[in-house]
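Okay, so here's the structure we're looking at.
The values are calculated or read from the model by the stated rules, or taken from the named source; none is laboratory data. Predicted model, so just to flag it, every value in this text is computed and none were measured. We place every Cβ from the backbone using ideal geometry, glycine too, and count neighbours over all the protein chains shown.
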Amino acid sequence: MTTTRRDFAKAAAGTLAGLVFVGCDLLAAAPARAQARRREIVVNGTRVKTIDVHAHCAVPAALALQNLKLGGPSLRPDLDMASQVAVRLQAMDEQGIDVQALSINPNWYKADRDLARQICQIQNDKLAEACAAMPERFVAFASVALQHPELAAEQLEHGMKKLGLRGAAIGGNVNGEEISDPKFHPFWARAEQLGAAIFIHPQGDGAPAQLGQRFKGNGYLGNVIGNPLETTIALSHLIFEGTLDRFPGLKIIGAHAGGFLPSYAGRSDFGCPTRPDLCPGGPHGPIKKTPSEYLKQIYYDTMVFNPEGVHHLVAEVGASQLLVGTDFPYPWTKTAIDLILATPGLGDAERAAILGGTAARLLGIKA
Ligand SMILES: [Zn+2]
């Protein structure tokens, strides 16, 4: 404990010494000012382009196709890029985020083929437009109709090749089916072939709804526990069903730091030795590596809110697998960048990689 604290203090001091905040002028920001100056992040003298891989948005025209509209705490009006981009840019500027990788949480997995095609097409066109208008500030993940895996593969390819999107955002399950199910192989195969980054975000109709009775009461537990649990289940199946053996080149990004999985990685390794009768192998036979080894080939956002949490992620999966995430516009955090600056035990290169270098490589952003 003492060592950890001393390391933390040392790292924090090193961080402060190595940093210059240019334009971080929040105290002087008055409500009347149109725009705060942009906070620029510098690590040991080098300007770092920071990238937030967990940033939500929504497209009203696509919502209308499902009789939905913006309003309320879930479908927040500031999800709209077209009318609310100034709010978003101001938040990014204040927090020191240079680029957001935009995604839309799937709510179209129950739609039939034609409707799902239409929803995703509108969203992908609008996301591409928003990115083209401000290519220095935004890239985006495609929306895909994963309930129709062949269509989803086509949409991913079209999105990447024709619209400049950088991969796809998908849910942690598809109408109760695990994303490791062989029916989704056409999508995974195309994602691997295209070098697509696939951002996996929990679905409200997964673990949060399935355990709804347990999550009732005070505490927002459906999200606080349910969302990371949903991602934990999804990633565990990709590992244990052999999806990551079958498609070893996949670039998977797990939301919310991969849920609970990297926090308790050791347990994944001890299940099968304890009960081999419950580990007959997946659709491709036994998995090739120790389960926790696969954690080192998955990427994760760093949404764990405290520096020791990020420090632990580094120990379990490696600094090379971590990316900044904010969950914008949901008000979970305004200090995603500071979290990385305060994480103990990181070298300058590791810190810069987490802040944006790794995301730039994954998403094809000029560093
Ligand atoms: Zn989110």
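Listed values, structure above:
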{"read-out": "Candidate set from the stretch 290-302 (those that are more than 16 Å from the ligand (Cβ to nearest atom) and in contact (Cβ under 8 Å) with a residue 24 or more places away in the chain); member that is farthest from ILE365 (Cα to Cα)", "value": "PRO291"}
{"read-out": "Hits in the stretch 311-363 (condition: more than 16 Å from the ligand (Cβ to nearest atom), outside any helix (DSSP H, G or I) and out of contact with any Lys or Arg (no Cβ under 6 Å at 6 or more places or on another chain))", "value": "LEU322, THR335, THR343, PRO344, GLY345, LEU346, GLY347"}
{"read-out": "Pick from the stretch 235-267, criterion in contact (Cβ under 8 Å) with a residue 60 or more places away in the chain, within 16 Å of the ligand (Cβ to nearest atom) and outside any helix (DSSP H, G or I), ranking: farthest from LYS183 (Cα to Cα)", "value": "ALA255"}
{"read-out": "Residue within the stretch 303-310 that is in contact with a strand residue (DSSP E or B) (Cβ under 6 Å, 6 or more places away or on another chain), over 21 Å from THR243 (Cβ atoms) and either free of Cβ contacts under 8 Å to residues at least 40 places away in the same chain or not in a strand (DSSP E or B) (or both) present", "value": "no"}
{"read-out": "Which listed residue, of ILE119, ILE97, is of a type in the set (Val, Ile, Thr), closer than 30 Å to VAL42 by Cα and in contact with a Phe, Trp or Tyr (Cβ under 9 Å, 6 or more places away or on another chain)", "value": "ILE97"}
{"read-out": "Residue match in the stretch 177-189 (condition: of a type outside the set (S, T, N, Q), more than 16 Å from the ligand (Cβ to nearest atom), within 19 Å of PRO283 (Cβ to Cβ) and assigned to a loop (DSSP other than H, G, I, E, B))", "value": "yes"}
{"read-out": "Residue within the stretch 62-82 that is assigned to a helix (DSSP H, G or I), modelled with pLDDT under 95, surrounded by fewer than 19 Cβ atoms within 10 Å (Cβ to Cβ) and more than 16 Å from the ligand (Cβ to nearest atom) present", "value": "yes"}
{"read-out": "Residues of the stretch 250-300 classified as of a type in the set (A, V, I, L, M, F, W, C) and within 22 Å of the chain's Cα centre (by Cα), total", "value": "10"}
